[in-house]
Amino acid sequence: MTVQHYKRTLEQNKLLALVADDDCGGETEELVVENAQTKAENMEDEVMNFNTNCSNCNAPAETHMKVLNIPHFKDIIVMATNCDVCSHRTNEVKSGSGISDKGCRITLRLTDPSDLSRDILKSETCTFSIPELHFDLQTGTLGGRFTTLEGLLTNIREQLQGTNPFMSGDGSDAEYKSRMGQFLKELEAVSNGEKLNVHVILDDPAGNSYLQNAYAPDADPEMTIVDYSRNFEQNEELGLNDMKTEDYETAIPKS
């Protein structure tokens with residue numbers, strides 16, 4: 001076997017989209033590669049725009065997308081859409097690095113109102129709970145969010161108040177409204193920093209959620225992070241059990 005390395009021609013660079021179609025060959029291949037690397041590095045400083053449709057009224061809209069780097073964590077992709085027709089606004093956060101090898105469980109005890117200003121990334125695969133309030137937010141609820149802890153708690157409270165059919169109309173129940181009203185008051189007290197010594201727990205089987213460490217790079221005395229191996233059910237929900245990346249050519253016997 002012989003391996004031979006060669007310099008690509010201008011036509012080959014055009015086919016690989018490394019140079020413009022009208023390029024006359026003024027750049028060397030080394031400069032082409034350097035420019036391509038520079039463009040990739042500049043993606044973090046660039047806001048990309050693309051056309052889409054509003055999820056509320058289906059009118060044409062524009063989505064803005066940007067790559068952000070979270071210190072001591074990883075890259076994320078933030079997408080926001082504002083509709084000029086119905087004023088509907090959506091935002092979505094995706095991980096820029098796929099599913100981690102292990103799941104992650106983050107527990108923080110709130111001891112000071114300043115804890116509410118910590119940045120938090122809750123991915124679509126993450127559950128969020130407050131044991132002291134007997135509250136559990138299941139996977140997929142609210143989608144992916146990158147905000148502060150106070151902002152996330154406010155989003156949860158607004159979601160429960162605004163879209164709950166059992167709080168108003170014919171479907172309302174007096175006892176349910178009373179219990180829900182009491183819970184919302186307690187949740188508001190937590191989000192305002194009036195109720196402390198409660199725990200917030202992020203449990204993400206995909207390992208793509210994050211809660212800011214106010215003492216970084218040192219350990220946070222009020223926060224514990226546990227990496228764990230996923231069980232079969234968690235891998236099934238993430239679609240990993242049927243994914244074969246090694247020896248896939250031999251997975252199905254040839255007839």
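The values are calculated or read from the model by the stated rules, or taken from the named source; none is laboratory data. Predicted model, so just to flag it, every value in this text is computed and none were measured. Backbone-built Cβ (ideal geometry, glycine too); neighbour counts: all protein chains shown. Remember, those area values only see protein heavy atoms, side chains included, never the ligands or the DNA or RNA. Shrake-Rupley method; radii C 1.70, N 1.55, O 1.52, S 1.80 Å.
Can you tell me how many residues in the range 210-229 are touching a helix residue (DSSP H, G or I) at 6+ places or on another chain (Cβ under 9 Å) and not in a strand (DSSP E or B)? Here the count works out to 3. A Cβ distance below 7 Å, combined with a sequence gap of six or more or placement on separate chains, defines the contacts here; from the range 133-152, residues that are farther than 21 Å from Gln182 by Cβ reach residues that are open to solvent by 50 Å² or more (accessible area, probe 1.4 Å) and in a loop (DSSP other than H, G, I, E, B) in the pairs Gly140/Glu124; Gly143/Glu124; Gly144/Glu124.
Determine whether Pro217 is more than 22 Å from the chain's Cα centre (by Cα) and either under 24 Å from Gly98 (Cβ atoms) or modelled with pLDDT under 90 (or both). When the stated conditions are applied, Pro217 passes them. Scanning the range 203-227 for residues that are of a type in the set (Val, Ile, Thr) and over 21 Å from Ser95 (Cβ atoms) turns up just one, Thr224.
One residue stands out in the range 116-161 among those that are among the polar types (S, T, N, Q) and over 21 Å from Gly96 (Cα atoms): the one that is surrounded by the fewest Cβ atoms within 10 Å (Cβ to Cβ), namely Gln138.
So if I check each of Gly207, Gly193, Gly181, which one is modelled with pLDDT of 85 or more, assigned to a helix (DSSP H, G or I) and open to solvent by less than 60 Å² (accessible area, probe 1.4 Å)? Lay out the reasoning, then the answer.
On the way: Gly207 fails: assigned to a helix (DSSP H, G or I); Gly193 fails: assigned to a helix (DSSP H, G or I).
Gly181 is the lone residue from the list that is modelled with pLDDT of 85 or more, assigned to a helix (DSSP H, G or I) and open to solvent by less than 60 Å² (accessible area, probe 1.4 Å).
Within the range 66-85, being over 19 Å from Asp204 (Cα atoms) and open to solvent by less than 50 Å² (accessible area, probe 1.4 Å) holds for Val67, Met79, Ala80, Thr81, Cys83.
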